[in-house]
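First comes the structure, then the notes that go with it.
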Protein chains: 2
Amino acid sequence: MFVEKGLSLFVAGFLALSIGAAGLEDLSQVKDWENPAPGVWKATLGNMKGELRYTDIAAEKPRLEALKELESVPFPFKEGKVGVLVSSDNRVMIRIPASADERLFGFGLQMDSIKKSRQVLELNVDHWSRGGGRTHAPVPFYISSKGYGVFFNTARFLKVYVQIGNRKDSKNNPPFVDRNPPPNEPQPGAWQAVPFADAVEAQVHGGGLEVVVFSGKSLLDVVSRYNLYCGGGALPPLWGMGFWHRVPAAFTADQTRAEVKEFEERDFPLDVIGLEPGWQTKSYPCTFEWQTKRFPDPEAFTKELLDKGVHLNLWENPYISPASRIYQAMYPLSASHTVWLGIVPDYTIPKARKLLTDQHYEDHIRIGVSGYKIDEVDGYDQWLWPDHATFPSGTSAEAMRQSYGLLLQNMLYTDLFKQRNVRTYGLVRASNGAASGYPFVLYSDSYSHSQYITGVSAASLGGILWCPEVRSAGSGREWLNRTQTVCFSHMAMLNAWSSGKKPWSYSDVTDKVRDVIKLRMQLLPYIYTAFAEYNRKGTPPVRAMILESGFKLNERVIAGQLDSEKNPYAEGKVVETTDQFMFGPSILVAPFYEKQGEQRTVELPEGGNWYDFYSGKLVGNGGKITVTAEGLQERTPLFVKEGAVIPMLTKAVNTTRQAYAHPLEVRVYGTVGGSFELYEDDGQTFDYQQGKYRIRKLTAANGKVVEEVVKDGAPAMFGPVESVKFMTQ
Amino acid sequence: MFVEKGLSLFVAGFLALSIGAAGLEDLSQVKDWENPAPGVWKATLGNMKGELRYTDIAAEKPRLEALKELESVPFPFKEGKVGVLVSSDNRVMIRIPASADERLFGFGLQMDSIKKSRQVLELNVDHWSRGGGRTHAPVPFYISSKGYGVFFNTARFLKVYVQIGNRKDSKNNPPFVDRNPPPNEPQPGAWQAVPFADAVEAQVHGGGLEVVVFSGKSLLDVVSRYNLYCGGGALPPLWGMGFWHRVPAAFTADQTRAEVKEFEERDFPLDVIGLEPGWQTKSYPCTFEWQTKRFPDPEAFTKELLDKGVHLNLWENPYISPASRIYQAMYPLSASHTVWLGIVPDYTIPKARKLLTDQHYEDHIRIGVSGYKIDEVDGYDQWLWPDHATFPSGTSAEAMRQSYGLLLQNMLYTDLFKQRNVRTYGLVRASNGAASGYPFVLYSDSYSHSQYITGVSAASLGGILWCPEVRSAGSGREWLNRTQTVCFSHMAMLNAWSSGKKPWSYSDVTDKVRDVIKLRMQLLPYIYTAFAEYNRKGTPPVRAMILESGFKLNERVIAGQLDSEKNPYAEGKVVETTDQFMFGPSILVAPFYEKQGEQRTVELPEGGNWYDFYSGKLVGNGGKITVTAEGLQERTPLFVKEGAVIPMLTKAVNTTRQAYAHPLEVRVYGTVGGSFELYEDDGQTFDYQQGKYRIRKLTAANGKVVEEVVKDGAPAMFGPVESVKFMTQ
């Protein structure tokens, strides 16, 4: 125990006579921080016995060896400034200082904004529309503009007061202001409904709380260390980077075949077909068994697709129908309550995991299915089990709600795929802390394009993957814009489960839609390396602008342009930029979306030149530029940083299978030269974890690109460099 | 301890190997019910030590003597059907059976609807706009169409699953339905997102939970027994029944004087003037001290108003400014956190109560102030103290949040007024369970007229008073309609704190507005008796139609017209009627409001004739009628039941002071005769609690009204019956 027990909170009876002072002495100081690696400090508050930590169900162990190679950085808080109260009624509260000139970002897949200063958040896994912090993946991790991050590593509902809640004994409270003064009575400022408070305070109902603090040389470094501590980022199979298409819920094998054929005929890339609920004999709850009235020969069907290079992904939710053959065996291993009358297995129990994964192997994996879309693990309360449901392992319903998406990912990733040395890539509807290692991408039914773009930034701050999927559109323009966004995300997917749409459904934009999908395919070497960097170094492959060095918002905050001592309220007026994001190491994506019409503003980071991706022309260094759809010939606005070296396929391919051994084109932007470490492996197994990968360093200097193999653990994945383009002359 | 301890919920570590069956055996049966009075059963679950019960801070003790006079009724649940789980991690869950043909209503001031079947509610005191159960007064009490009620008597946040959450071992679950069947595969019904569940399940984070079950011969009887158990209903002073007007926040004494004068000149009734924040030296947080720049001589000002028969009500919130003279002494008796930087006193501590009430006596009561409006005790989270704040008595922040409005009512009612044998009537922004005895009326800033009317019904199911206050309007018609609603509520008030409006602000309706206010004044003897019945018998003075015998919705449910065994989903389609309500024993009020335009439908209860209030004409017996504004000469639609005897003043008065000794007119409706027990006392002290009241029984039969004094504890309040009108010939 690192923490002295807090004051006992309870006295018997009402109208208590006992009176104590209520100063900071109700808190103990957190003093004993473990420091397992540079920039990582851990404290255990209260009693963690029986508490589930997110890192317990991470994909991989903490990557301490990678963390230990990083630079040492100082602990971000002054000694004794982190306080804790462990109460006798099963509550633990922690207080972490935060100053007025500090912006706090994160808390997972928050689709309204990434800045979370001056908010009260309930970090519960729930339907995203509940708001107030509740969302698909309310990752209890925030980062500060001061260059550190805090992770609450406990599968409990967490209520967090972000710079809200003024302690009476704080020295940093703003001045008192009368809200209704008589005329001519001066006030020290405008009355504020929510005065700035100098801390983040968070509480769980639980016996303990583990807190992990990360520091770094930059915000990106902080996030990367978080990801490494959570086991490193996911490295999907190469086929996962291709184009995904989900067919309508009631589609048959023949209808699906016809759709795949149409992709070929129309020259559209396709790597994955996703089947929605109708493939099962029963859904909501599920049997996980093939509906032979629609799919009479699943094995032949799956093989036929694979022969074309197309992988099969199956939708499911984890609630089991009485019609399932594993229902009876699973019944005693399931919760007291049902979901849509299906039993809710307790997947902390090995026997329950084995029942499901054996069935999944036999019915799906054995015949060649490549992965899953795990639906309905988020909420609402009226859909899922109640907070008081019981599970046979004794795990609380709350911990189960917070972690069910993680548990499903854990079970499928570990027991079904990794143990067979096969990588997977799929979707999941809910996730949480320490998820970075899982090759599962979140999705939502919000369908606001601007929220979907904000999701790209939000996800990158919390070790989660996000798919701003395309479903339908009100116009060809919107369809094109949405497709452009999704092609620069973690998963390029059209989800037609309800709409029945196809990439060519809007004939006025079909060629432009095909172009952007093909551009993604051409960028496969670049994208795959970006994921490898996520895996090995924790660098998010697609990420928020605030993680980019030289981006103006950070600059402004850190330079203290807001005089928070004199007027901390000014803080609330600055809104962060989330409608553009970084894709891989050097490409800035600024999609057109609903409110932008035919033109938009792009904010360029400072500290180096930026170039138009297509022409190589200089567009600026810092500041704002305006781009128009017409000026870009309706292509996605893409900007590349000085010194970028971008490996691509010389031509687009229609499946990732064709990318293997395909010759490369290398594009070089700017005039100062640069390099790119191209990562290659077999693209489908976990052999890379045993060092079986290759790194080709591509160095551009003096009008040439030099290739050097700096790590030779595996054969080359792609072909030789056949073409070099110096885009900026 | 009545309950065996439930299974310990926690096992150490992850991926537990222990496997237990998860049937109903995770619950203990609640067997030991105390039965303190007929129709009242109480069970204590877990350990209530240190838990605050709402009845601990009720205005008065349970009225067991009144309850014991009531008829015996059977316990509503089969033996052993109420289950409980007391978990080792400070949680208590209770399961109460509910069948598919049962509608559940209540849970306090819910402004969207009174029916709460098939919902998950978080019964937290919070800003009403949060929804999902959170509201000003989330009274944890529900009633069933089967004729019983359940009260969760614990000041904890309560999460309640109302007929939601299907246990896997339930015998009453609906049949399984496949959501995506192939063509021609028959299903037992339509797939439902929320299948009906056969219980109410509720959970607190706390060591214990007290549950009180009420039964009765009717829903009204159930609610009345609840109110009696909570100490009986409030009996306000007679002046509280007059017209209230709140002036703008920055008004001075002179502006207020001028406004009072204008009421006189324009012949508008006025009993109370409410001052808003500007009367204090500082507000948000407060000093509770007079702002002499606006009110140079508060004592003279108050006396001047009282001399005109006008009482003064003062707005306040309970958070204390450093500029207050009690700040220093209160500081150590306050919470760790502030609200708007004001300290939050711990009013469970006698010394804190004395500091405030001494100051209030000296500054306000001593000079004649009559009461308070207690604002800002509801929410949001970002306004009030955090859930982890500490209070010097050791009371949890959660219990404080749930009960702060009650505590304020308790302190002011008991320590400031009752101990001086002076009645008060005022407003409070938040309340909760066991509040029926408090003479404080809730209000909101929702301002939807239809929600305000729904609030009238909702309040009556949970022992709370509600003011659908008038503030402003988009038209004269709306202004009139809103005034008509408020004149038939617990408090007839115009709140101009922001709008600056006056009753005559809409010149096209000024006379009609005056008419309805004057009608309320004429009805004072009837209204006052209705409150006395609330006090003595628990009968809500203004109440939901579902409490009225013969009202069709109840009839329909109880008669089982919905075949819930075959199709429980049909249940969700019936919406209860809340846009009309009962005012006193015999008047049905059906206000015009936004969506009703110039005409509306009125549903009449069955079982007796109903008559137009103004003309005495028969309008029907059961069924629906349509009324038009034109047909009613723009008066409020009012309908009176067969046999009603309604005592009124012969003429309207402009202050309640003029009502004393004023002669009476008695109106008789229908043809069968009837009676009314007119209650009278001194109208201002608590002497009535010592039997100092008078009951005059007015019996109408054979074309005459006979007067008989059946209780003679006090002199008459009103004058003799001077006029008798048989309205129905």
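The values are calculated or read from the model by the stated rules, or taken from the named source; none is laboratory data. Computed from a prediction, not measured in an experiment: that's the story for all the values here. Neighbour counts run over all protein chains shown; Cβ positions are idealised from the backbone, glycine included. Please note that ligands, DNA and RNA were not included when accessible areas were found on the heavy atoms of the full protein model with its side chains. Shrake-Rupley method; radii C 1.70, N 1.55, O 1.52, S 1.80 Å.
Things to note:
- Partner lysines for A:K171 [C-alpha distance under 21 Å; skip if fewer than 8 residues away on the same chain]: A:K78, A:K81, A:K146, A:K566
- A:D358-A:K68 FRET efficiency (beta carbon distance; Förster radius 30 Å; 0.05 resolution): 0.15
- Look at the stretch B:158-165: the mean tally of other chain Cβ atoms within 10 Å of its residues' Cβ atoms is 4.
- With θ taken as phi - 60° and the Karplus curve 6.51 cos²θ - 1.76 cosθ + 1.60 applied, the whole-hertz 3J(HN,Hα) list for segment B:528-533 is 4, 5, 4, 5, 4, 5 Hz, x standing for glycine and proline.
- Based on Cα contacts under 8 Å between residues 6+ apart, chain A shows a relative contact order of 13 percent.
- With a Förster radius of 51 Å applied to the C-beta separation of B:S129 and A:V710, the computed FRET efficiency comes to 0.30.
- A 1.4 Å probe run over the protein chains yields, for segment B:239-518, 23 Å² of accessible area per residue, whole-number rounding.
- Spatial separation of Cα centroids for segment B:630-707 and segment A:186-235, in angstrom: 64
- Gap separating the Cα centres of segment B:112-179 and segment B:349-388, nearest whole Å: 32
- Residue and whole-Å distance for the chain A Cβ lying nearest the axis of the A-onto-B rotation are A:N90, 2.
- Counting protein heavy atoms only, the protein assembly as shown has 49 percent of its accessible area on carbon and sulfur, 1.4 angstrom probe.
- Inter-copy separations for B:E264, label at 7 Å along Cα-Cβ, nm, ascending: 9.7
- Structural descriptor for segment A:575-717: relative contact order 17 percent, calculated from alpha carbon pairs under 8 angstrom and at least 6 residues apart.
- Distance between modelled label sites at B:Y447 and A:K261, nm, 7 Å Cα→Cβ extension: 6.4
- FRET efficiency, 1/(1 + (r/R0)^6) with R0 35 Å, evaluated for A:A701 and A:E606 via beta carbons: 0.90
- Average projected area [Cα convex hull, segment B:239-518], square nanometres: 13.9
- Theoretical ellipticity at 222 nm over the protein assembly as shown - DSSP helices of four or more residues, -39500 (n - 2.57) apiece, nearest 500: -5000 deg cm²/dmol
- Under the simplified labelling scheme, the A:E630-A:N421 pair shows an inter-label distance of 5.9 nm, with each label point 7 Å from Cα along Cα→Cβ.
- Label-point distances for A:T292 to the equivalent site in the other copies, using a point 7 angstrom along Cα→C-beta, read 9.6 nm when ranked shortest first.
- Protein heavy-atom accessible area occluded, A/B pair - total, 1.4 Å probe, Å²: 8300
- Teacher prompt: B:E304 distances to equivalent labels in other copies, 7 Å Cα→Cβ, nm: 9.4
- In plain terms, the C-alpha convex hull of segment B:8-229 casts an average shadow of 15.8 nm² when viewed from every direction.
- Using a cutoff of 8 angstrom between alpha carbon atoms and counting only pairs six or more residues apart, the relative contact order for segment B:438-563 works out to 23 percent.
- Take segment B:645-727 with all the other protein chains still there, run a 1.4 Å probe, and you get 45 Å² of accessible area per residue.
- Placed amide H near B:K116: partners under 5 Å, 5+ positions off or other chain: B:L104, B:F105, B:G106
- Eigen-decomposition of the gyration tensor built on the alpha-carbon atoms of chain A gives equivalent ellipsoid semi-axes of 41, 34, 24 angstrom, largest listed first.
- Threshold 10 Å² - residues in segment A:383-430 whose accessible area is reduced by that much or more when the chain is no longer isolated, probe 1.4 Å: A:W383, A:P386, A:D387, A:H388, A:T390, A:P392, A:S393, A:G394, A:S396, A:E398
- Here B:K512 is the anchor, and the lysines within straight C-alpha reach of less than 18 Å, apart from those fewer than 8 places off in the same chain, are B:K501, B:K502, B:K651.
- Note that the protein assembly as shown shows a convex hull volume over its alpha carbon atoms of 173 Å³ per residue.
- For segment A:412-474 versus segment A:481-530, the gap between their alpha-carbon centres in whole angstrom: 16
- If a spin label sat at a point 7 angstrom from the Cα of A:Q187 along the line to its beta carbon, the backbone N atoms of segment B:246-263 nearer than 20 Å would be those of B:247-253.
- Accessible area (Å², per residue) of segment A:8-229, counting only protein heavy atoms and a probe of 1.4 Å: 33
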